[in-house]
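The values are calculated or read from the model by the stated rules, or taken from the named source; none is laboratory data. The structure displayed is predicted, hence computed values, not measured ones. Virtual Cβ from ideal backbone geometry, glycine too; neighbours counted across all protein chains shown. What goes into the accessible areas is simple: the full protein's heavy atoms, side chains included, and nothing from ligands, DNA or RNA. Shrake-Rupley method; radii C 1.70, N 1.55, O 1.52, S 1.80 Å.
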Amino acid sequence: DAFLARPDAGRPIILLYGPDAGLVRERADALVASAVDDPNDPFSLVRLDGDGLSAEPSRLVDEAMTIPMFGGRRAIRVRAGSKNFASGIDTLADSSIKDCRVVIEAGELRPESPLRKACERARTAVAIACYPDTERDLARLIDEELRTSSLRIAADARAVLMSLLGGDRQASRNELRKLALYAHGRGEIELDDVMTVVSDASELKLDPIVD
């Protein structure tokens, strides 16, 4: 969270990995948004597929070194797959990258994973693990979302709500926003509100099957 709040300009290569796919996406979105002026501008944000890069790892370097046609900052967002493109990271880490951030999204990676090892050993890269939220993380997430909607929550409702969240950051946040919309204008969320509208997002066991 500290890195996301103030990304280190000297470490423009960022690997986000872990079992919480929603948290990986959320952090990637934040890093891309702070790296470019307009994430919807195709000249500012380039999206690459990791499996495609495995056949031509040098493309990552070429894209990172490209000077924008109309100037400004750039970002590259890579969705890692099952194939290895770590050699492109090694080459890029030894290059001088200017005004470009490379954000790599991956699933759970073992310590011996070539991609993870490449980012952990490079001085210009950082690897950030994204694990399911703890109780402390969930409490902060609930407070953050309800504060935005100017809502309070009863103690019993909060206890039940905590038990229904945590499997995936994005799913948890979506459930909280749905709850806030349902209780809009009422001031305080009660237990009945939680039981009525919140789905159980504490475990998402079907995700691996769907993937």
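Odds and ends about this structure:
- Qualifying residues in the stretch 129-171 (those that are out of contact with any Gly (no Cβ under 6 Å at 6 or more places or on another chain) and among the hydroxyl-bearing types (Ser, Thr, Tyr)) - the one farthest from Ile104 (Cα to Cα): Ser150
- Filter result for Val126 (open to solvent by less than 40 Å² (accessible area, probe 1.4 Å), under 30 Å from Leu92 (Cα atoms) and in contact with a helix residue (DSSP H, G or I) (Cβ under 9 Å, 6 or more places away or on another chain)): yes
- Residue match in the stretch 46-58 (condition: within 30 Å of Leu165 (Cβ to Cβ) and surrounded by fewer than 16 Cβ atoms within 10 Å (Cβ to Cβ)): yes
- Listed by position, the helices (runs of 4 or more DSSP H) enclosed by the stretch 142-201 that each have at least 2 residues that are at pLDDT below 95 and either under 22 Å from Cys130 (Cβ atoms) or touching an Asp or Glu at 6+ places or on another chain (Cβ under 6 Å) (or both) are 155-164, 169-182.
- Residue count, the stretch 96-109 (criterion: in contact (Cβ under 8 Å) with a residue 24 or more places away in the chain and open to solvent by 20 Å² or more (accessible area, probe 1.4 Å)): 6
- Among residues of the stretch 80-95 that are under 11 Å from Arg123 (Cα atoms), those with a Cβ under 7 angstrom from a residue that is modelled with pLDDT of 90 or more and in a loop (DSSP other than H, G, I, E, B), sequence gap 6+ or separate chain, pair up as Ala93/Ala122; Ala93/Thr124.
- Beta carbons closer than 9 Å, at least 6 apart along the sequence or on distinct chains, pair a first residue in the stretch 153-180 that is closer than 13 Å to Ala21 by Cα and free of Cβ contacts under 8 Å to residues at least 40 places away in the same chain with a second that is surrounded by 20 or more Cβ atoms within 10 Å (Cβ to Cβ) and of a type in the set (Ser, Thr, Tyr) for Gly166/Ser172.
- Counting the residues of the stretch 59-79 that are part of a loop (DSSP other than H, G, I, E, B) and either closer than 12 Å to Val102 by Cα or among the charged types (D, E, K, R) (or both) gives 1.
- Applying the set (1) open to solvent by 90 Å² or more (accessible area, probe 1.4 Å); (2) under 21 Å from Phe3 (Cα atoms); (3) without any contact (Cβ under 8 Å) to a residue 12 or more places away in the chain to Tyr131 leaves exactly one unmet item: (3).
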